[in-house]
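Taken together, the values in this text are just the output of simple stated rules run on the coordinates, not laboratory data. No experiment lies behind these values; they were computed from the predicted model shown. We place every Cβ from the backbone using ideal geometry, glycine too, and count neighbours over all the protein chains shown.
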Amino acid sequence: MVSQVECVVECSKADAAVEMQGLYEKFVVPSYRRTLTLTRGEGSYVWDTSGKRYLDMGGGIAVNSLGHAHPAILSTLQKQASRLIHVSNLYYNEPQALLAKKLVELTGPGKVFFCNSGAEANEALYKLARRVGHDQGRYEVITTINSFHGRTLAGIAATGQEKVKKSFEPLMPGFIHVPYNDLAAAEKAIGPKTAAILVEGVQGEGGIIPATPEYLLGLRELTRKHGILLLMDSVQCGFFRSGYFQSYERILENHPGGKDFLPDGISMAKALGGGFPIGAVWIGQPYQDVFQPGSHGTTFGGTPLACAVALEVISVIEREKLVDNIRRQGDRLIAGLKNLSGRENFVSVRGFGAIVGFQTKIDPLILTPQLAGEGLLVIPSGNNSVRFLPPYNITAQQIDEALAIVQKVI
């Protein structure tokens with residue numbers, strides 16, 4: 001029997017959630033379908049206003065690479081904030097230089113431009129393509145159907161999903177969409193105005209669809225043949241999420257010629273800051289100095305605080321061998337999901353590491369709230385898939401906990 005005190009406490013919590021939602025309705029632009037009112041997080045779990053705990057396998061949409069409230073991130077934020085938070089890019093700062101060096105070491109010869117988000121990182125790629133191709137009259141970028149490249153005007157023009165374009169016409173010109181994993185379609189689309197091909201190693205918003213090795217290697221050969229850039233959007237699938245630093249490394253790990261594969265530009269964000277906003281663009285050596293003073297910039301990109309946090313995130317990943325962990329736990333998750341393949345509402349499993357999805361006959365917008373009701377947070381993907389984007393320090397026990405909830409609901 002519930003005591004009067006317990007009833008008052010629970011009613012108070014419910015009132016707080018209702019009050020919070022009321023403030024959102026009154027003051028926040030309704031551009032998202034929001035559900036829970038979350039109050040705190042720790043590790044792989046979050047709690048709502050009622051005190052209910054959820055296993056967070058959505059990770060802030062692929063952002064929380066070390067989970068919630070990681071002590072190393074907290075310590076770095078406090079230490080760096082007490083020294084230097086922001087100075088603008090009119091001056092040098094040590095954390096930015098060190099982070100750029102580390103990203104180049106992890107990727108290949110080149111240089112790094114820092115910004116604040118994935119959309120901004122992709123904007124830099126579009127500008128890179130246009131600047132490189134300008135003197136030859138090349139400005140068009142070929143992207144793929146079901147891709148996602150951000151919410152800016154250029155980002156939605158680049159994105160191969162009609163639903164994000166509605167009511168924003170006329171769209172920015174210069175983008176052509178072709179089927180993903182279709183090399184012949186990409187070659188056919190190349191013309192005298194083509195400046196670059198832009199692809200994701202794994203289509204995250206499109207349903208967790210990895211590129212094939214033949215497709216990536218074929219695109220590299222094709223772009224070199226035609227003298228155009230090969231650009232990769234690694235905002236969601238990059239930064240160790242696949243079990244390698246970049247997803248193309250995971251895709252090509254056992255393929256002849258895979259070790260020599262290197263794009264001309266790569267956009268990064270999300271997991272890079274472990275929850276603190278930061279974006280970055282790696283630009284390959286032949287084009288690393290294309291952006292000169294006045295040609296591109298950002299007020300907040302590469303702040304000492306953001307770069308210090310990203311450096312610490314990389315340090316924790318390397319020190320705790322989390323790449324090995326996420327490969328193991330990703331394999332465990334995939335194997336567990338495949339065991340459900342015979343069930344009526346379950347279709348298939350795709351992905352690897354910490355970017356895994358399953359296709360279902362149930363509308364993801366209906367299924368994800370049902371899973372949340374049982375204590376599991378995941379993210380819809382595409383029109384018929386659900387994605388898991390766990391932190392890299394997820395445990396085997398937590399993977400099993402997630403699988404048990406999926407099995408119960410499915």
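Of note:
- Note on region 191-261 and region 143-170: Cα centroid distance 20 Å, given to the nearest whole angstrom.
- Charged neighbours of Phe239, selected by a Cβ distance under 15 Å, balance to -1 (K, R count +1; D, E count -1).
- In this structure the amide hydrogen of Ile278, modeled in the peptide plane, comes within under 5 Å of the amide hydrogens of Lys270, Gly273, none closer than 5 places in sequence on its chain.
- One decimal place: the segment Tyr45-Glu94 gains 14.3 nm when fully extended, by the rule 0.36 nm per residue minus the C-alpha distance.
- GluC sites (Glu not before Pro) restricted to DSSP loop in region 274-370 with at most 16 other C-beta within 10 Å: Glu320, Glu344
- Footprinting exposure proxy for Thr212, Thr299, Thr143 (fewest neighbouring C-beta atoms within 10 Å first): Thr299, Thr212, Thr143
- Here's how it looks for Glu200: its modeled amide H is under 5 Å from those of Asp233, which are all 5 or more places away or on a different chain.
- Shown for Ser234, Ser75: other C-beta atoms within 10 Å of each C-beta, ranked fewest to most, produce the order Ser75, Ser234.
- Taking Trp47, Trp282 and counting other C-beta atoms within 10 Å, the order from fewest to most: Trp47, Trp282
- Cut-off under 5 Å, modelled amide H: who pairs with Asp48 long-range: Thr39
- Farthest positive-ward along region 73-319 dipole, Cα basis, beta-carbon charges - from Tyr92, Gly108, His296: Tyr92
- Here the scattering of the chain is modelled by Debye summation over its C-alpha atoms, one equal scatterer each and no solvent; at q = 0.08, 0.09, 0.13, 0.15 Å⁻¹ the log10 of I(q)/I(0) is -0.45, -0.56, -1.18, -1.51.
- Projected-area mean, region 297-385, by convex hull of Cα positions, square nanometres: 8.6 nm²
- Placing a pseudo-label 7 Å from each Cα along the Cα-to-Cβ vector at Arg83 and Gln285 gives an inter-label distance of 3.1 nm.
- Between the Cα long axis of helix 304-319 and the first principal axis of the chain there is an angle of about 80°, rounded to the nearest 10.
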